[in-house]
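A.B. asks: Here it is, the structure, as structure tokens.
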Amino acid sequence: MRLAIASGKGGTGKTTLAVNLAIKAKEKQSCLLVDLDVEEPNGGIFVQGDLVAEHEARRAIPDWDAAACTLCGKCPSWCLYNALIKLGDTILVMPNLCHSCYACSEMCPASALAMKPDSLGTITHRRFEGLDFVESRLEIGLEQASPLISQSLAYIDEHLEKHDLQILDSPPGTACAMVSAVKQADFVILISEPTPFGLHDLKLAVQTVRELGIPFGAVINRDGIGNDEIYGYLKEEKIPLLAKIPHQRRIAELYSQGAMLYKEIAEIDEALEDILSYIGRLR
Amino acid sequence: MKEIVIISGKGGTGKTSFCAALAQHLQDDLVVADCDVDAADLHLIFEPHNSLATDFYSGVLAHIDPLRCIDCGICAEKCRFDAISNASGQYTVDAVDCEGCGYCYHLCPENAISLKEQMVGQYMSSETRFECTLVHARLGIGADNSGKLVAKVKAIAKDTAKDQGKSYLIVDGSPGIGCPVIASLSGADYVIMVTEASQSGVSDLRRIWELVKMFQIPGALIINKADINPTVTKQLHSFAKKEKILLLPEISYSDDFPKAISMGQSILETNPARWQPVISEIWKAIKERI
Amino acid sequence: MKIAFTATGEGWDALIDPRFGRTDYILIYDEEKDELVSIDNREIMDVAHGAGPKTAQKIHELDPQVLITGNGPGGNAASILKQMQLKIYIKASGMSVRDAYRSFKNNELILGG
């Protein structure tokens, strides 16, 4: 069972839910937590554990061969990402703009742009009290979140397939990276809050997940801060409400310390129970 | 006219709430640009109307002309994004997977592939229930924010501010450290970073500051929810001191933030007695610097 | 010596554009010829990603020895500009090109990069 946790915007409690759910779930089943918020992976703040494996994710970028190049100047015009720049008698490659499409490399008439491996990020596998935790971190300055997410999913398919439950902490938003993270999930939990912002962002996320055709449900965080509009929306759209997490200052305090919430706050423990039993019935 | 950009590394730090409060505090002497296009929320408070919308095109998508295609399959074989298949008996491009690199366009022996500019969203200039103009944008699903869109939104906002003779342009900046945030920062006179007193708040602040430093734009820091974790707040203080970042008055944890959002208000409307002095003091400190 | 400016318009009275990659115009003053040339860079608006490198490439072709701009150029542009023998002066935003040139001659500008 692959479960993705996503949200229309950041700061809704996505990572907190993913981490708490994973730690709670592993008490009864084998569980894998994957942090795919590759630009800002924060799951590791809550889950440390022992290092099992570290894998360098790579992609290919062109490597300019000055001796072979005839300076014909075609490659910069082919590259629609502006990753190749001709400066006088030099071709410069901008690694952070390259999408690894191979066009320049394979079309270069002088074969002066062979592809070479370049670091994309790091996939780290840790084990924390019986929980497998994989964190995927994009190299600073790079923007290619989606390829790293795909590689991370391929990595866990190859090395870590045997878990009862996989929980994916997806990147926020509804852009490319979020789609890459959730598109192969069996079920998506959309987490939001009962405010106009939360409702607005939830609607966008719902549209996206529906377009992808993946079954999904909602968890409402910070219940009590706003109004009931979001619950009316869920009802109207027949979106299952898996759980509500109450709004308490104590939660923000525990979060800021990196503490495990469900062990301290009974309502969160109950919410997690509800979510897990819902997921259990899906199998 | 001075351009002030407000950014935060992670979501949920109160950046948008602060933007709205600042906009209200400055009354009619500003134009606001919402460049946080992926989670554009300012309009929920500003209630834009009389919008002037323009379609926004960015990047390309490959399109195969079935009448010209001879089923050679070269495009499908060479596409690194597995975006071309003939599952339906006809070679077609998957719009979600296509990265718009244009390689197939060059390869096709029959010139059957064209690259079509993609309409990815809209940007608009609107009147608001506050006295200022809001320039904002809306993107379609799966579409990424880009430096181009941010630059466009900012350019319109800037021109509007000049035409209207306003003193300030307040920009709600994009998150992350990529092209959109670079375009958000580029041209700014001043940067305000909003963070929260948590571990993730600290690591995100470090990342964005690296970027701001590169542009050599003077910056100030607001610590939101400063009282929930005094240890972290102290860490933030020493970071600011070391990096010569101006520390603005802190904001303590308050239910007024979610309450304001839930009512579609700025915190100055929800609880003026409490927040008016805080925002005034913050603005005074900023104004001295610009 | 040739001096490049990022500017929001043409001519000596144009203001310095604080943006490097997305500057509207590039102005080049050739001191020997006493000639100011304006180059329209507004096509950069259509560039989604990589505006910095594109503009840096243009500057390279113009071959100035000094660049006067507003903010420091972003990472990509900075790495390209480093390859050139170019002195970059920043924080000239708000000045006219004329005033920026004068300040440069009086050694009043800040060396960046």
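Read the figures in this text as sums done on the coordinates, not as results from a lab. Bear in mind the structure is a predicted one, so any value in this text is a computation, not a measurement. Quick reminder, even Gly has a Cβ in these numbers, built from the backbone with ideal geometry, and neighbours come from all protein chains shown.
A.B. asks: Considering the dipole of the protein assembly as shown built from charges on the beta carbon (Lys and Arg +1, Asp and Glu -1) around the Cα centre, which of B:105, B:264, C:72 is farthest to its positive end?
C.D. replies: Checked the options; the winner is C:72.
A.B. asks: While we're looking at this one, here's another question. Given H placed on each backbone N at 1.01 Å, which residues far from residue C:72 in sequence or on other chains put an amide H within less than 5 Å of it?
C.D. replies: Close amide H contacts, sequence-distant or interchain: B:216.
A.B. asks: Just report the Cα centroid separation between the range A:107-145 and the range B:173-194, whole Å.
C.D. replies: After rounding, the separation between the Cα centres reads 25 Å.
A.B. asks: Here's a follow-up. Mind jotting down the distance between the C-alpha centroids of the range A:154-191 and the range C:60-111, whole Å?
C.D. replies: 46 Å
A.B. asks: While we're here: Working out 0.36 nm times the residue gap between residue A:162 and residue A:58, then minus their Cα-Cα distance, what length gain in nm do you get to one decimal?
C.D. replies: 35.0 nm
A.B. asks: Mind running the shape call on the range B:146-268? Use the C-alpha gyration tensor, a ≥ b ≥ c as the square roots of the eigenvalues: rounded below 1.5 for a/c, prolate if a/b tops b/c, oblate otherwise.
C.D. replies: oblate
A.B. asks: Enumerate the calculated ³J(HN,Hα) couplings along the range B:6-11 in order (Karplus 6.51 cos²θ - 1.76 cosθ + 1.60, θ = phi - 60°), each rounded to whole Hz, writing x wherever the residue is Gly or Pro.
C.D. replies: 10, 9, 8, x, 9, x
A.B. asks: Continuing with the same structure: Could you give me the ³J(HN,Hα) list for the range B:171-182, computed from phi with Karplus coefficients 6.51, -1.76, 1.60 and θ = phi - 60°, whole Hz, x at Gly and Pro?
C.D. replies: Values, residue by residue: 10, 7, x, 6, x, x, 10, x, 3, x, 6, 4 Hz.
A.B. asks: Right, another one. Going out from 0 in 10 Å bins, what whole percent of all Cα-Cα distances in the range A:93-200 drops into each bin?
C.D. replies: 11, 34, 29, 18, 6, 1
A.B. asks: Right, next: Against the longest principal axis of chain A, how steep is helix A:266-282, in degrees 0 to 90 to the nearest 10, with axes from Cα atoms?
C.D. replies: With rounding to tens, the tilt is 70 degrees.
A.B. asks: Now, a different point. Counting other Cβ atoms within 10 Å of each Cβ, which trypsin sites (Lys or Arg not before Pro) in the range A:170-249 have at most 14 and sit in a DSSP loop?
C.D. replies: Qualifying residues, ordered by number: A:238.
A.B. asks: Starting at 0 and stepping by 5 Å, how many percent of the alpha carbon pairs of chain A end up in each bin?
C.D. replies: With 5 Å bins starting at 0, P(r) equals 1, 5, 12, 15, 16, 14, 11, 8, 6, 5, 4, 3, 1, 0.
A.B. asks: Each residue of the range C:11-28 in order: what ³J(HN,Hα) in whole Hz does its phi give by Karplus 6.51 cos²θ - 1.76 cosθ + 1.60, θ = phi - 60°, with x for Gly and Pro?
C.D. replies: Per residue, the Karplus-derived 3J(HN,Hα) values read x, 5, 8, 4, 8, 5, 7, x, 7, 8, x, 9, 5, 6, 10, 10, 10, 10 Hz.
A.B. asks: Let me ask something else. Pull up all non-local amide H partners of residue A:30: gap of 5 or more, or a different chain, and H-to-H distance under 5 Å with H placed in the peptide plane.
C.D. replies: For residue A:30, whose amide H was placed from the backbone, the distant partners under 5 Å are A:164, A:165.
A.B. asks: Ok, one more. Out of A:242, A:261, A:226, whose Cα points farthest toward the positive end of the dipole of the range A:222-264 (charges: +1 Lys, Arg; -1 Asp, Glu; placed on Cβ)?
C.D. replies: Ranked along the dipole, the leading option is A:261.
A.B. asks: Another question, then. Classify the protein assembly as shown from the C-alpha gyration tensor, please: rounded if a/c falls under 1.5, else prolate or oblate depending on whether a/b exceeds b/c.
C.D. replies: oblate
A.B. asks: Something else: What is the sum of charges around residue C:68, taking Lys and Arg as +1, Asp and Glu as -1, for the other residues whose C-beta is under 10 Å from the C-beta of residue C:68?
C.D. replies: Charge balance in the 10 Å sphere: +2.
A.B. asks: Using only the alpha carbons, work out the radius of gyration and Dmax of the range B:1-141 in angstrom.
C.D. replies: In Å, with Rg to one decimal and Dmax whole: 21.6, 64.
A.B. asks: Now a separate question. Once you have a ≥ b ≥ c as the square roots of the Cα gyration tensor eigenvalues for chain C, tell me rounded if a/c is under 1.5, and otherwise prolate or oblate according to whether a/b is larger than b/c.
C.D. replies: rounded
A.B. asks: Could you tell me the center-to-center distance, by alpha carbons, between the range B:53-103 and the range C:1-17 in angstrom?
C.D. replies: Here the two parts' Cα centres lie 43 Å apart.
A.B. asks: How far, in degrees from 0 to 90, does helix A:196-212 lean away from the longest principal axis of the Cα atoms of chain A, to the nearest 10?
C.D. replies: 60 degrees
A.B. asks: While we're on this one: If the viscosity is 0.692 mPa s and the temperature 37 °C, what Stokes-Einstein diffusion coefficient in µm²/s follows for chain B when Rh is the Kirkwood radius over Cα pairs?
C.D. replies: 158 µm²/s
A.B. asks: Ok, one more. Divide by every residue of the protein assembly as shown the summed helix terms, -39500 (n - 2.57) for each DSSP H run of at least 4, and state the resulting mean residue ellipticity at 222 nm, rounded to the nearest 500 deg cm²/dmol.
C.D. replies: Helix-only estimate at 222 nm: -10000 deg cm²/dmol.
A.B. asks: Treat each spin label as a single point 7 Å out from the Cα along the C-beta direction, and report the residue B:95 to residue B:162 distance in nm.
C.D. replies: Modelled inter-label distance: 3.6 nm.
A.B. asks: Helix B:199-215: angle to the longest alpha-carbon principal axis of chain B, degrees 0 to 90, nearest 10?
C.D. replies: 80 degrees
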